[in-house]
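Taking it in order: structure first as structure tokens, then the write-up.
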Amino acid sequence: MKDIHHELIDFIESGCSFHRFLNIQVLDAKPGFVKLRLPYKKEFGGNMERGILHGGISSMLVDIVASSTLWTHLGPEDNTATIDLRVDYQRPAILEDLIGEGEVRMLGNSIAHVLVRLYSASTPDTVQAEGRAVFHIKRSK
């Protein structure tokens, strides 16, 4: 996890109270790529009879992964704002840890595009959802 500013990992895992509540864990981070784990909590259940997570959990994780991925290219003084966030659900997420991988697909002077894929921890080859995020960037320098 080199070549990214050291504050980023701390912020993702514990600098944000919401991330602390979720217990977000950084599995990998390098310029243009992030892999995060969202540990399962029973409160994340959507349809417990069918054994699936609430769809809002996936949307939330896409947002966190996308913004964290973008921040691998930025410094702590830069600012971003989400312009657009899209989630394409491909299959239900089961009641277990959810993994999100993000990749910066385009990084311009003021606009960035990030692609995210989500999968359940036990089935890494089965994509549960894909997300796309577009950001406005205001650099400090």
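Observations on the structure shown:
- When the range 50-83 is filtered for residues that are loosely packed, with under 14 Cβ neighbours inside 10 Å and either in a helix (DSSP H, G or I) or small (Gly, Ala, Ser) (or both), the ones remaining, listed by number, are Gly51, Gly56, Gly75, Ala81.
For every residue, the table says whether it meets (1) within 25 Å of Glu7 (Cα to Cα); (2) not hydrophobic (A, V, I, L, M, F, W, C).
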position	(1), (2)
Leu53	no, no
Val62	yes, no
Val65	yes, no
Asp78	yes, yes
Thr82	yes, yes
Glu96	no, yes
Glu101	yes, yes
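- Test: residue in the range 109-120 that is modelled with pLDDT under 95, over 18 Å from Lys30 (Cβ atoms) and surrounded by fewer than 19 Cβ atoms within 10 Å (Cβ to Cβ): yes
- Residue list for the range 34-49, restricted to those being assigned to a strand (DSSP E or B), touching a helix residue (DSSP H, G or I) at 6+ places or on another chain (Cβ under 7 Å) and over 13 Å from Ile99 (Cβ atoms): Gly46
- Taken as a whole, the range 31-42 holds at least one residue that is of a type in the set (A, V, I, L, M, F, W, C), surrounded by fewer than 18 Cβ atoms within 10 Å (Cβ to Cβ) and modelled with pLDDT of 95 or more.
- Count of the range 17-33 residues which are under 16 Å from Val62 (Cβ atoms) and in a loop (DSSP other than H, G, I, E, B): 1
- Residues located in the range 109-122, provided they are over 11 Å from Val134 (Cα atoms) and in a strand (DSSP E or B): Val116, Arg117, Leu118, Tyr119, Ser120
- So Pro124, is it within 19 Å of Phe11 (Cβ to Cβ) and more than 12 Å from the chain's Cα centre (by Cα): no
- In the range 56-99, the residues that are modelled with pLDDT of 90 or more and over 20 Å from Val134 (Cβ atoms): Gly56, Ile57, Gln90, Arg91, Pro92, Ala93, Ile94, Leu95, Glu96, Asp97, Leu98, Ile99
- Test for Ser68: is it small (Gly, Ala, Ser) and under 26 Å from Asn109 (Cβ atoms): yes
- In the condition set (1) in contact with a strand residue (DSSP E or B) (Cβ under 9 Å, 6 or more places away or on another chain); (2) touching a residue at least 12 places away in the same chain (Cβ under 8 Å), Glu77 is compliant with all but (1).
- Restricting the range 127-141 to residues that are among the basic types (Lys, Arg) and not in a strand (DSSP E or B) leaves a set whose member that is nearest to the chain's Cα centre (by Cα) is Arg139.
- Met106 meets each of the listed conditions (1) at pLDDT 95 or above; (2) outside any strand (DSSP E or B) apart from (2).
The values are calculated or read from the model by the stated rules, or taken from the named source; none is laboratory data. It should be emphasised that the depicted structure is a prediction, and the values quoted were computed from it without experimental measurement. Ideal geometry is used to build each Cβ from the backbone, glycine not excepted, and the neighbour counts take in all protein chains shown.
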